[in-house]
Each structure stands twice: as C-alpha cells, then as structure tokens.
Amino acid sequence: MKPNKTGLKRVLYATGYSFQGLRAAWNNEAAFRQELVLLIVMTTLSFFLPVTKVEQLLMVASLFIVVIVELINSAIEAVVDRIGPERHELSGRAKDIGSAAVFISLLLVVITWGSFLLF
C-alpha cells in the first residue's frame with residue numbers, strides 16, 4: 001500500500017488487497033476451499049439445530065476460526081516456499097506448527113459442536 005493513501009481511500013485499497021488474498025487462497029489452497037465449504041454447510045445446518053442463539057454463534061465462530069487459521073497457515077507456507085525449495089529444519093518446523101494450529105482449531109470445532117449437541 002502506498003503511504004499517501006489515508007482515510008477511506010486506504011480502507012478501500014486494504015479491502016481490495018483482502019479480496020485478492022481470499023481469491024489467491026481459493027485458487028491455490030485446497031484445504032481453504034474445503035474449510036470454506038465446511039463453514040457454509042455447517043453454518044446453514046446450525047440454523048436447524050435445537051440450540052440457543054448464543055450457542056449457534058459460538059458454533060459458527062469456531063468455524064470462522066478454522067478459516068482464519070488456515071489463511072495464516074497458507075501465508076506461512078507461501079513465505080517458506082518463496083525462500084527456497086531446499087529442505088531446512090526451521091522451514092519444516094514453521095510449516096508443521098502452522099499445520100498444528102489448523103488441527104487445534106478443528107479440534108475446537110469438534111469440542112464446541114459436540115458440547116452443544118451431545119450434552
């Protein structure tokens with residue numbers, strides 16, 4: 001972003017960059033596509049479940065967390081891949097930790113949905 005953009009103009013440019021990022025994730029990341037479909041399907045399903053509005057909000061929020069964490073993980077992977085194709089312990093560690101973050105966010109979905117639907 002150019003430093004001379006301020007106020008509403010800056011917000012508009014930032015929004016455009018955000019949509020470019022979402023498009024890049026959709027085009028290049030199968031996991032992002034799968035998790036976005038999961039978000040849409042399960043959010044729709046949540047409207048038909050016998051839960052309170054607060055429970056529904058928490059259930060849907062847990063799905064959004066998965067998508068957010070996946071976007072961050074994909075960004076980390078892109079940066080690591082940009083550095084070079086050779087194997088390096090720190091590169092592998094960064095990718096593994098990003099993957100672990102996605103896994104933990106998916107566990108949050110299972111725990112959240114399970115706690116409201118099973119108990």
Inside the range 69-94, can you point out the residues that are within 15 Å of the chain's Cα centre (by Cα) and not polar (S, T, N, Q)?
69, 70, 71, 72, 75, 76, 77, 78
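Out of everything in the range 78-94 that is open to solvent by less than 50 Å² (accessible area, probe 1.4 Å) and assigned to a helix (DSSP H, G or I), what residue ends up being nearest to residue 47 (Cα to Cα)? Spell out how you get there, then give the answer.
Filtering the range 78-94 down to residues open to solvent by less than 50 Å² (accessible area, probe 1.4 Å) leaves 80, 84, 91-92, 94.
Cutting the leftovers down to assigned to a helix (DSSP H, G or I) gives us 80, 91-92, 94.
Values: 80: 39, 91: 41, 92: 40, 94: 37 Å.
Applying the filter and picking the extreme gives 94.
Could you check, for the range 95-103, whether at least one of its residues is open to solvent by 100 Å² or more (accessible area, probe 1.4 Å), among the polar types (S, T, N, Q) and over 11 Å from the mean Cα position of the chain (by Cα)? So that I can check it myself, show each step before the final result.
If we filter the range 95-103 for residues that are open to solvent by 100 Å² or more (accessible area, probe 1.4 Å), which is where we start, we get 96-97, 103.
This time we only want the ones that are among the polar types (S, T, N, Q), so: none.
There is no residue in the range 95-103 that is open to solvent by 100 Å² or more (accessible area, probe 1.4 Å), among the polar types (S, T, N, Q) and over 11 Å from the mean Cα position of the chain (by Cα).
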Please count how many residues of the range 23-45 are within 11 Å of residue 71 (Cβ to Cβ) and either small (Gly, Ala, Ser) or loosely packed, with under 14 Cβ neighbours inside 10 Å (or both).
4
For the range 68-105, which positions are touching a residue at least 24 places away in the same chain (Cβ under 8 Å) and polar (S, T, N, Q)?
73, 74, 99, 105
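Checking the conditions here, which among 49, 107, 71 is open to solvent by 50 Å² or more (accessible area, probe 1.4 Å) and more than 22 Å from residue 22 (Cβ to Cβ)? So that I can check it myself, show each step before the final result.
Working: 49 fails: open to solvent by 50 Å² or more (accessible area, probe 1.4 Å); 71 fails: more than 22 Å from residue 22 (Cβ to Cβ).
Answer to the check: 107.
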Please determine, by comparing only the residues of the range 1-22 that are assigned to a helix (DSSP H, G or I) and farther than 23 Å from residue 71 by Cα, which one is least open to solvent (accessible area, probe 1.4 Å).
7
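The values are calculated or read from the model by the stated rules, or taken from the named source; none is laboratory data. Quick caveat, the model's predicted, so the values are computed rather than measured. Quick reminder, even Gly has a Cβ in these numbers, built from the backbone with ideal geometry, and neighbours come from all protein chains shown. With ligands, DNA and RNA removed, areas are computed over all heavy atoms of the protein, side chains included. Shrake-Rupley method; radii C 1.70, N 1.55, O 1.52, S 1.80 Å.
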